[in-house]
Amino acid sequence: MNKTASIIIISALVISFGIVFLGQSKNNVGSTGVEESAQNVEIRDGIQYVTINAKGGYSPRISTAQSNIPTKLIVKTKGTYDCSAALVIRSIGYQKVLQQTGEEIIDLGTPQTETLQGVCSMGMYNFAVNFN
């Protein structure tokens, strides 16, 4: 491949990733057309933990947690080789390629009434944590 073709391919990739990062999906409706929610939130020793699984997307896609309480997001991977391992949470400036198998604990501080959105680097998969 010549230099010009390489530059064109790299430029196209950079532009496509830029478009994905600029346009965040806010679709919180599951494949059934019904809003999803799950019991993946627990409070231990005064800290709230929200657990999300990352593999072939994020599960659960929508979580509900309490606002005004110290919160940590736990993102679990288990043989995750797809783009859901490349996690972006714009509102807190978080961007990281997660280990293929393991847990990433992200300190969210004390969220107010808001919605935290997470998305993969390609914009294909997303999740939301609604703080009420």
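The values are calculated or read from the model by the stated rules, or taken from the named source; none is laboratory data. Note that this is a predicted model, so its numbers are computed, not measured. FYI the Cβ positions are ideal-geometry reconstructions off the backbone, even for glycines, and counts take in every protein chain you see.
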Leading residue by the ranking (modelled with the highest pLDDT) among those in the stretch 22-73 that are in a strand (DSSP E or B) and acidic (D, E)
E42
Test T77 against the stated conditions and say whether it is in contact with a helix residue (DSSP H, G or I) (Cβ under 7 Å, 6 or more places away or on another chain), modelled with pLDDT of 95 or more and of a type in the set (S, T, Y).
yes
Working only within the stretch 64-106, note down all residues that are in contact (Cβ under 8 Å) with a residue 60 or more places away in the chain, under 16 Å from T51 (Cβ atoms) and of a type in the set (A, V, I, L, M).
A65
Complete set of residues in the stretch 61-73 that are surrounded by fewer than 20 Cβ atoms within 10 Å (Cβ to Cβ) and either farther than 14 Å from Q117 by Cβ or hydroxyl-bearing (S, T, Y) (or both)
T64, Q66, S67, N68, I69, P70, K72
Among the residues of the stretch 70-94, write down those that are in contact with a Phe, Trp or Tyr (Cβ under 9 Å, 6 or more places away or on another chain) and not charged (D, E, K, R).
T71, L73, I74, V75, C83, S84, L87, V88
